[in-house]
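Let me begin by presenting the structure, written as structure tokens, before commenting on it.
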Amino acid sequence: MLSDRERRLIEEFGLEPIEKNIFKIPHKFVDRGIFIAVRGKDDFVNMLEGEPFYILTGIMPSYKLIHLGTYAVVESVKYFQQISKITIIAIADIESLSTRNVSLEEAKEFSIKYHIPTYLALGLDPDKTLFYYQSDNPDILKIAGDVARKTTFNELKAVYGDIDPARIISSLIQIGDILFPQFAISVKGLVPIGLDQDPHLRLCRDYIRRTKMFNFKQVSSIYIRLIPGLDGSEKMSKSDPLNSIFLPEEDYKILKRKIWRAFSGGRPTVEEHRKYGANLEVDVPFRILTYILDDNSYLSELAEKYSKGELLSGEIKMITYEVLVEFMDKFKENLEYYRDMVMNKRINLIRSSEDILSYI
Ligand code: TRP
């Protein structure tokens with residue numbers, strides 16, 4: 001079930017809803033409604049049915065640690081990667097520079113230690129996944145230049161509301177990110193993102209229709225429901241450490257404390273809870289379980305017992321904590337492995353569209 005806010009945004013942005021039966025390959029995210037909407041649905045359906053496409057998404061290396069919300073995006077990329085030609089991850093160091101005042105050196109350090117190994121440790125296919133830094137890639141600048149030419153200030157204001165130079169450069173460059181793979185492979189693109197990134201996609205799709213400078217094919221975007229902040233707010237945020245679960249959490253005592261303080265959908269007294277049951281939609285530990293737990297029947301069993309009041313809030317928290325510890329243990333092991341790979345430069349780091357050609 002979507003929150004009121006999610007429903008309002010989907011409607012306001014004019015996104016299309018998704019029926020579960022369009023997905024051919026099963027996945028827990030399909031079952032649990034985590035793919036909440038799509039832009040460019042006809043193309044998206046064709047991709048699911050076998051039309052070739054590339055995946056592109058990006059991350060700002062603005063803070064050393066990545067939080068659990070990113071897991072939702074990476075797990076989705078991993079799902080679509082099974083049927084895509086190639087997956088490209090933009091490390092948005094120019095965006096972090098202009099919007100967060102993070103130096104390029106710092107951004108690179110965060111990326112090598114955390115962002116790139118994390119994406120691989122969460123299960124992306126290391127052979128089919130290419131990474132690049134915005135600051136390395138001249139192709140995105142060529143596109144940004146053309147976007148600037150074909151976009152008016154009023155359009156930017158209409159799409160973004162508040163607009164300033166940092167946002168303008170980031171948005172033009174992001175369109176460069178989304179489209180530059182087409183200089184190498186002339187197929188449509190799929191961009192998995194959270195709802196907050198939709199303005200970029202609207203602008204990008206309009207630009208594709210308008211430009212005659214390049215012959216771009218259209219891109220679709222698939223929207224992933226993000227994990228809420230621990231206090232029940234819209235999403236986890238790196239600028240609010242106590243409100244987020246990081247990948248990894250090093251100290252499990254702190255992890256436990258975070259889960260115990262998380263917003264609960266349980267009732268104030270045991271008596272009331274046994275009588276009315278929990279509200280699962282607002283229960284943050286339960287929401288986390290819907291992303292992490294693999295076993296569908298165990299999740300349904302928990303949902304039923306918790307919503308009937310047979311399980312207490314503390315019991316759900318304990319289960320969530322244990323599931324997260326298992327998840328973190330495995331993640332940390334993978335992270336070490338891929339850190340070594342990144343350090344030894346054995347990952348696919350590209351610098352332009354031309355480099356893509358050697359991977360397809
Ligand atoms: N703007 C995105 C963010 O704030 C990062 C990003 C950069 C991105 N380029 C992209 C996302 C291309 C999707 C596609 O997190």
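Where a number appears in this text, it was derived from the coordinates with a stated rule and is not lab data. These numbers come from a predicted model, not from an experiment. For neighbour counting, all protein chains shown are included, and Cβ atoms are generated from backbone atoms with ideal geometry for every residue, glycine included.
Among 20-31, 187-198, how do they line up by average Cβ neighbours within 10 Å per residue, starting with the highest?
Result, highest mean Cβ count within 10 Å first: 187-198, 20-31.
Quick check on my link table: of K128/K238; K275/K305; K41/K212; K253/K330; K24/K330, which ones sit more than 21 Å apart, alpha carbon to alpha carbon?
Beyond 21 Å: K128/K238; K41/K212; K24/K330.
Using only the Cα atoms of the chain, each taken as one equal point scatterer with no solvent, compute I(q) by the Debye sum, divide by I(0), and report log10 of the ratio at q = 0.06, 0.09, 0.10, 0.14 Å⁻¹.
-0.22, -0.51, -0.63, -1.23
Using a 10 Å cut-off on Cβ atoms, rank the peptides 172-183, 215-226 from the highest mean neighbour count down.
Those peptides, ordered most packed to least, come out 172-183, 215-226.
Once each part is reduced to its C-alpha centroid, what is the distance from the stretch 92-143 to the stretch 221-236 in angstrom?
After rounding, the separation between the Cα centres reads 22 Å.
What are the DSSP H helices in the chain that stretch 15 Å or more along their long axis, judged by alpha-carbon atoms, and whose average Kyte-Doolittle hydropathy comes to at least 0.0? Let's see the in-between values first.
Working: long enough: 68-81 (20 Å, 0.40); 138-150 (19 Å, -0.05); 165-179 (21 Å, 1.12); 198-210 (18 Å, -1.27); 296-307 (16 Å, -0.83); 313-343 (43 Å, -0.25).
Qualifying helices: 68-81, 165-179.
Sum -39500 (n - 2.57) across every DSSP H segment of at least 4 residues in the chain, then divide by the residue count to get the 222 nm mean residue ellipticity, nearest 500.
Computed mean residue ellipticity for the chain: -15000 deg cm²/dmol.
Please compute the Cα-Cα pair-distance distribution of the stretch 225-273 with 10 Å bins starting at 0, giving whole percents from short to long.
Result returned by the calculation: 26, 46, 22, 6.
Using Cα-Cα distances under 8 Å and only pairs 6 or more residues apart, what relative contact order does the chain have, in percent?
Reported as a whole number, the value is 21 percent.
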